Amino acid sequence: MMDTFNVYPVYDINPVKGLKSDIWDDNGTKYLDLYGGHAVISIGHSHPKYVKAISEQVGTLGFYSNSVQIPLQKKLAAKLGEMTGLQDYHLFLANSGAEANENALKLASFHNGRKKIISFKKGFHGRTSAAVAVTDNQKIKAPINFDEHVEILEFNNVEAVKAAIDNETCAVIVEGIQGIGGIHVSTDAFMTTIREKCDETGAVFIHDSVQCGYGRSGRFFSYEYSGVKPDIISMAKGMGNGFPIGGILISPKFEAKYGMLGTTFGGNHLSCAAALAVLEAIDEEGLIDNAASLGEYTINELQKIEGIKEVRGKGLMIGIELEEPVKPIREALLFKDHIFTGVAGAHIIRLLPNLAVAKEEIDRFLVAFKKRLEELK
Ligand code: PLP
């Protein structure tokens, strides 16, 4: 019998339904979900507006045409422009974060005709062949060097950025807050130096907002904290609350030419309906403000707990680093307290709750986490 290619480690828990921040397994046990499928669940599980929008759009299946997709894509672009303030940017839609970044790099190289890409240690930009599997996590680096045009610098190192970005640099790709690499937040000086050097040399500034974007940081995009404006912004994950969609926002300095970028399924009508419902829910329910205030609260409360090496993050993208491996705490939280969390490496717990998470849910986590940490010590 054919089986799936076994590359994903999973716990022996079988979730069968979800609502808001909760999920239930096939034994009826309820769990608090503070990870949301790697930052995918932005507005909460089974949000009624979202379910309705997709269900209604499913009704048009059987008829697959640009005439259905294009008006939805335009509506999505308009709403994104309104919510991000990037009214003069353009939207190109894809299906995932990796694809979004591939298109960003392709566009950059069309723009300036150059090859050299700059990225950063502990950065992650998806399983892309176009030189962006740039992490120091060897497990996801293939032996074939797809990255021959990539120069990898220290994150947050202003001097390294000043020295490396030159007239041969095609693009700089950076996460405003590194996700899989351990929740490292970019400094303002780092971001503004990237912007300045790109302006000086004609290199393209690509901000990978796949994980830190879409309100998660407490701003629509995390680069807003530094007051810079990237040339291309890639997005995915929270954009569809579980429905596959990705895309890039493209500065007006890039001129679109027919055939330059393209995809069969990017911007399909179901993904657009999902993404529009997500934006409307974020807007109507004030979820970015909730992410900002509850994120600040969570980080402050965590900082009061003794025995943590460091708490990092912005909004609802939080890393808790311990001296010890976090596996026992994470498993106690899951199997005894019924709380799902994530990790970034062996020593960091990664919290990526939905943006509508309630204070009581965060408090429940804080009490449980404190108890499990005390047990570990
Ligand atoms: N960029 C960042 C910052 C990510 O965290 C990820 C996924 O974890 C990706 C890109 C790749 O996205 P996808 O898995 O949708 O290809």
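The values are calculated or read from the model by the stated rules, or taken from the named source; none is laboratory data. Computed from a predicted model, the values in this text were never measured in an experiment. For neighbour counting, all protein chains shown are included, and Cβ atoms are generated from backbone atoms with ideal geometry for every residue, glycine included.
Remarks
- Filter pass, Tyr258 being without any contact (Cβ under 8 Å) to a residue 24 or more places away in the chain, under 27 Å from Asn66 (Cα atoms) and in the same structural domain as His125 (by TED's automatic domain parsing): yes
Per-residue answers, yes or no, for (1) under 30 Å from Asn112 (Cβ atoms); (2) out of contact with any Asp or Glu (no Cβ under 8 Å at 6 or more places or on another chain):
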{"position": "Ser251", "(1), (2)": "yes, no"}
{"position": "Thr264", "(1), (2)": "yes, yes"}
{"position": "Gly267", "(1), (2)": "yes, yes"}
{"position": "Ala281", "(1), (2)": "no, yes"}
{"position": "Leu287", "(1), (2)": "no, yes"}
{"position": "Asn290", "(1), (2)": "no, yes"}
{"position": "Tyr297", "(1), (2)": "no, yes"}
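- Test: residue in the range 162-173 that is within 16 Å of the ligand (Cβ to nearest atom) and within 23 Å of Ala39 (Cβ to Cβ): yes
- Qualifying positions in the range 196-223 - assigned to a loop (DSSP other than H, G, I, E, B) and among the charged types (D, E, K, R): Arg216, Arg219
- Residue list for the range 73-107, filter: closer than 19 Å to Lys237 by Cα and more than 16 Å from the ligand (Cβ to nearest atom): Gln73, Leu76, Ala77, Lys79, Leu80, Gly81, Met83, Thr84, Leu91
- Top-ranked residue in the range 319-367 [being in contact with a helix residue (DSSP H, G or I) (Cβ under 6 Å, 6 or more places away or on another chain) and among the small types (Gly, Ala, Ser); ranked as surrounded by the most Cβ atoms within 10 Å (Cβ to Cβ)]: Ala356
- Any pair with Cβ under 8 angstrom, 6 or more apart, that starts in the range 172-188 at a residue that is in a loop (DSSP other than H, G, I, E, B) and ends at one that is within 9 Å of the ligand (Cβ to nearest atom) and of a type in the set (Ser, Thr, Tyr): Glu175/Ser209; Gly176/Ser209
- In the range 327-346, the residues that are among the polar types (S, T, N, Q) and without any contact (Cβ under 8 Å) to a residue 60 or more places away in the chain: none
- Sole residue being more than 12 Å from the ligand (Cβ to nearest atom), among the hydroxyl-bearing types (Ser, Thr, Tyr) and in contact with a Phe, Trp or Tyr (Cβ under 9 Å, 6 or more places away or on another chain), chosen from Ser209, Ser186: Ser186
- For Ser65, the conditions (1) touching a residue at least 24 places away in the same chain (Cβ under 8 Å); (2) at negative phi; (3) of a type in the set (Ser, Thr, Tyr) are fulfilled apart from (1).
- Among the residues of the range 37-49, some residue qualifies, meaning at least one is modelled with pLDDT under 95, under 23 Å from the mean Cα position of the chain (by Cα), under 27 Å from Arg364 (Cα atoms) and surrounded by 10 or more Cβ atoms within 10 Å (Cβ to Cβ).
- The condition (being hydroxyl-bearing (Ser, Thr, Tyr), touching a residue at least 60 places away in the same chain (Cβ under 8 Å), outside any helix (DSSP H, G or I) and not assigned by TED's automatic domain parsing to the domain that holds Glu361) is satisfied by just one residue among Ser234, Ser271: Ser234.
- Leading residue by the ranking (modelled with the lowest pLDDT) among those in the range 240-256 that are among the aliphatic types (A, V, I, L, M) and either near the ligand (Cβ under 10 Å from one of its atoms) or assigned to a loop (DSSP other than H, G, I, E, B) (or both): Ala256
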